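For reference, the structure discussed in these notes is given below.
The values are calculated or read from the model by the stated rules, or taken from the named source; none is laboratory data. In this text the structure is predicted, and so the values were computed from the model without any measurement. Glycine also receives a Cβ, built like all others from the backbone with ideal geometry; neighbour counts cover every protein chain displayed.
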């Protein structure tokens, strides 16, 4: 009941019941800001378990060799969840903070020509790999996406891309 008499539910919830007035409000705002920061989850890059996928070696392949591989899609889904979902949205459905990754290869999915489709996917693979490994900065030079080159193996990058390509295909078919 002490919480209610102090005037701010947030102050009481965060254990700041001893603060009143402007100090209590400031502590409540700081507490809520901390929760907002935690809403993005653990943003520390995590390695992706690619056990069971064919090893690709040190030289980067030009096109995703795991596209359509169910094991790679499953590994990529977990890798995406731990590393990408905080900014790009759960299930690769953009939450508005970062680009919608289902749009990267969307134009490739419905191409009638398999040759053109393969070229399209190769282009999106190259774009995706570059952004993931090098990160991205805005026009002001501020980092908007970190580089994952120190964390992800080639297998991890392609597994996540396989997951995104599968999600894109599934979304395109359902519409």
Conditions (1) touching a helix residue (DSSP H, G or I) at 6+ places or on another chain (Cβ under 8 Å); (2) in contact (Cβ under 8 Å) with a residue 12 or more places away in the chain; (3) under 13 Å from residue 164 (Cα atoms); number of the one not met by residue 78: (1)
Criterion: touching a helix residue (DSSP H, G or I) at 6+ places or on another chain (Cβ under 9 Å), more than 22 Å from residue 170 (Cα to Cα) and at pLDDT 90 or above - qualifying residue of 32, 56, 101: 56
Output for the stretch 48-76, where each listed residue is part of a helix (DSSP H, G or I) and under 17 Å from residue 151 (Cβ atoms): 75, 76
Residue within the stretch 137-153 that is at pLDDT 95 or above, assigned to a helix (DSSP H, G or I) and either surrounded by 13 or more Cβ atoms within 10 Å (Cβ to Cβ) or within 14 Å of the chain's Cα centre (by Cα) (or both) present: no
The listed residue being part of a helix (DSSP H, G or I) and under 21 Å from residue 48 (Cα atoms), out of 126, 107: 126
